[in-house]
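Contents: one structure, followed by commentary.
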Amino acid sequence: MAYWAIIGIPVLAAALCAGTLVLLLPWLKSYALAHPVDRSSHREPTPQGGGLGVTLSTFMVAWIAAGLTGTPPAALALLAALTAAAALLMLVGLLDDMRGLAPAPRLLAQCLAVGLIVATLPLDMRLLSALPLWVERACVVVVGVWFINLVNFMDGIDWMTVAEVVPITAAVALLNLAGAAPVLAALVALALLGATLGFAPFNRPVARLFLGDVGSLPIGLVLGWLLLLLAASGQFVAALLLPLYYLADATITLALRMYRREAVWQAHRSHFYQRAVACGLTVPGVVARVFGTNVALAALAAVSILANSTVTSLLCLLGGAALVGYLLTRFVKGGP
C-alpha cells in the first residue's frame, strides 16, 4: 500500500464525513430525534443518524482509493459485495432510527447482508479447513450476525463506538504494512478510521449527534469483514484480540440476561460499561478506559503476529483476556 494512502485516505474520509453531517444535521433534528426514556444515557432529545455520514463517506473514499491503487478485479468483487450488504443495513437502520422496526425484519436483513458477503467469498478462503466448507460458512454467517448486533448493543454512550473503531481500523492498516493484512482491508480500514474521526466531534460528550442504527449496523458489518479477512490471512489470534472487549462485554451481558429470562431483544442498561456509569464513573472516564484497553489489545495482536510463535500467540490471547476481565471487574465495582 502506498504511503500517501495512510494519510490521504483518512483525511479525505474525515473531511467528507464532517461536511456531510453539517448538511444533514438540520434534517436529522426534524426526522430522527431520539427522545430520552428510562433506559437512555442522555437527558435531552438528540438527533440520531450520524452513521449516515460515516457509512457514505467510508464507502465513497474506499472506492476512490481502490481505483487509485489499482485494486484487482477479485478484490473489487469483495468490496462490491460489502458495499451492497452495508447499503442494505444502512437502509434498515435508517428506517429503524426514523420509525422503529420490529426485531424480525432487522434480523432478516442482517442475515441477508452477511449471507451476501459469505456467498461471494473465494472458495479457497478458509478459516477452519478441518470443517466442511458449508459448515464453516454457516458458522461465519452466525458469527457475523452476532458481531453486527454486539456493535449495535455497545453503542450506548457517547464516543463508545469511536473508542472501538479507531484502534481496530488503525491496527488493521498498520498490520498491512507488516504484510499481515490484505491491501483491500487496509484501504477500507483507513476510510472507516477517517470517517469515524470526522464523526467524533459531533458525538463528543455530551453528544449533539448520535450514530444511530444507520451507522452501528453497517459499521459492525465492516468491522466483522475486516476481521474476517485478517483471520483468513492466517492471523486468527489477532482477529480475536482486536475486538475482545466488545466480544466479552456483549456476550457475557447477553448470557446473563438469558439466564435471568429477560427479553434480550429489548433495550437495557446492563452492559458493563453502562453499569460503570451507573456506579459513578463519568462517560469520558469509561470511554478512556475502553480506548486504552483496545490499544493494548491491538499491541498484543501485533506481538502475536510479529513473534510468529504459537506459544507467544496463546500468551498474548491469555494476556488480552486477563486485561479485559480486569476492566469488566473494575466497571462493575465502579473503581479506577
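The values are calculated or read from the model by the stated rules, or taken from the named source; none is laboratory data. These numbers come from a predicted model, not from an experiment. Positions of Cβ are generated from backbone atoms using ideal geometry, with glycine treated the same way; all protein chains shown enter the neighbour counts.
Can you name the number of the only condition in (1) of a type in the set (A, V, I, L, M); (2) surrounded by fewer than 23 Cβ atoms within 10 Å (Cβ to Cβ); (3) in contact (Cβ under 8 Å) with a residue 60 or more places away in the chain that Val135 fails?
With respect to (1) of a type in the set (A, V, I, L, M); (2) surrounded by fewer than 23 Cβ atoms within 10 Å (Cβ to Cβ); (3) in contact (Cβ under 8 Å) with a residue 60 or more places away in the chain, Val135 is out only on (3).
Does Tyr273 fit the bill of being surrounded by 13 or more Cβ atoms within 10 Å (Cβ to Cβ), among the hydroxyl-bearing types (Ser, Thr, Tyr) and out of contact with any Leu (no Cβ under 7 Å at 6 or more places or on another chain)?
Spelling it out, Tyr273 is indeed surrounded by 13 or more Cβ atoms within 10 Å (Cβ to Cβ), among the hydroxyl-bearing types (Ser, Thr, Tyr) and out of contact with any Leu (no Cβ under 7 Å at 6 or more places or on another chain).
Test each condition in (1) more than 17 Å from the chain's Cα centre (by Cα); (2) at pLDDT 95 or above; (3) among the aliphatic types (A, V, I, L, M) for Leu244 and report the one that comes out false.
Just one mismatch for Leu244, condition (1).
Given the conditions (1) in contact with a Gly (Cβ under 9 Å, 6 or more places away or on another chain); (2) among the polar types (S, T, N, Q); (3) under 18 Å from Leu240 (Cβ atoms), which single one is not true for Asn152?
Asn152 satisfies every listed condition except (3).
Would you be able to tell me the number of residues in the range 255-264 that are surrounded by 13 or more Cβ atoms within 10 Å (Cβ to Cβ) and in contact with a helix residue (DSSP H, G or I) (Cβ under 9 Å, 6 or more places away or on another chain)?
Residues meeting the conditions: 2.
So, in the range 143-182, how many residues would count as being more than 30 Å from Gly70 (Cβ to Cβ), out of contact with any Cys (no Cβ under 8 Å at 6 or more places or on another chain) and assigned to a helix (DSSP H, G or I)?
15
If you take the residues in the range 183-236 that are outside any helix (DSSP H, G or I) and free of Cβ contacts under 8 Å to residues at least 60 places away in the same chain, which one is surrounded by the most Cβ atoms within 10 Å (Cβ to Cβ)?
Ser233
Mind listing whichever residues of the range 31-42 are at pLDDT below 70 and either exposed (fewer than 11 other Cβ atoms within 10 Å of the Cβ) or not polar (S, T, N, Q) (or both)?
Selection gives His35, Pro36, Val37, Asp38, Arg39, His42.
Given the criterion within 19 Å of the chain's Cα centre (by Cα), modelled with pLDDT of 95 or more and within 26 Å of Glu136 (Cβ to Cβ), identify the matching residue among Leu254, Leu297, Leu314.
Leu297
Taking into account only those residues within the range 54-109 that are of a type in the set (Ser, Thr, Tyr) and within 21 Å of the chain's Cα centre (by Cα), which is farthest from Pro218 (Cα to Cα)?
Ser57
Give me the residue from the range 43-100 that is assigned to a loop (DSSP other than H, G, I, E, B), touching a helix residue (DSSP H, G or I) at 6+ places or on another chain (Cβ under 7 Å) and not hydroxyl-bearing (Ser, Thr, Tyr) and, out of that set, surrounded by the fewest Cβ atoms within 10 Å (Cβ to Cβ).
Checked the range 43-100; the qualifying residue surrounded by the fewest Cβ atoms within 10 Å (Cβ to Cβ) is Gly49.
Would you mind telling me which numbered condition in (1) without any contact (Cβ under 8 Å) to a residue 24 or more places away in the chain; (2) farther than 21 Å from Leu127 by Cβ Thr310 fails?
Of (1) without any contact (Cβ under 8 Å) to a residue 24 or more places away in the chain; (2) farther than 21 Å from Leu127 by Cβ, only one is false for Thr310: (2).
Condition test on Thr83, is it within 22 Å of Phe210 (Cα to Cα) and either polar (S, T, N, Q) or in contact (Cβ under 8 Å) with a residue 24 or more places away in the chain (or both)?
Here the answer is no, as Thr83 does not meet what is asked.
Scan Thr312, Thr293 and give me the residue that is assigned to a helix (DSSP H, G or I) and under 21 Å from Phe153 (Cβ atoms).
Exactly one residue qualifies, and that residue is Thr293.
Starting from the range 157-179, keep only residues that are among the polar types (S, T, N, Q), then list their pairs with residues that are modelled with pLDDT under 95 and assigned to a helix (DSSP H, G or I) whose Cβ atoms are within a distance under 6 Å, requiring at least 6 positions of separation or different chains.
Partner pairs satisfying both residue conditions: none exist.
Scan the range 101-128 for residues that are part of a loop (DSSP other than H, G, I, E, B) and of a type in the set (A, V, I, L, M, F, W, C) and report the count.
7
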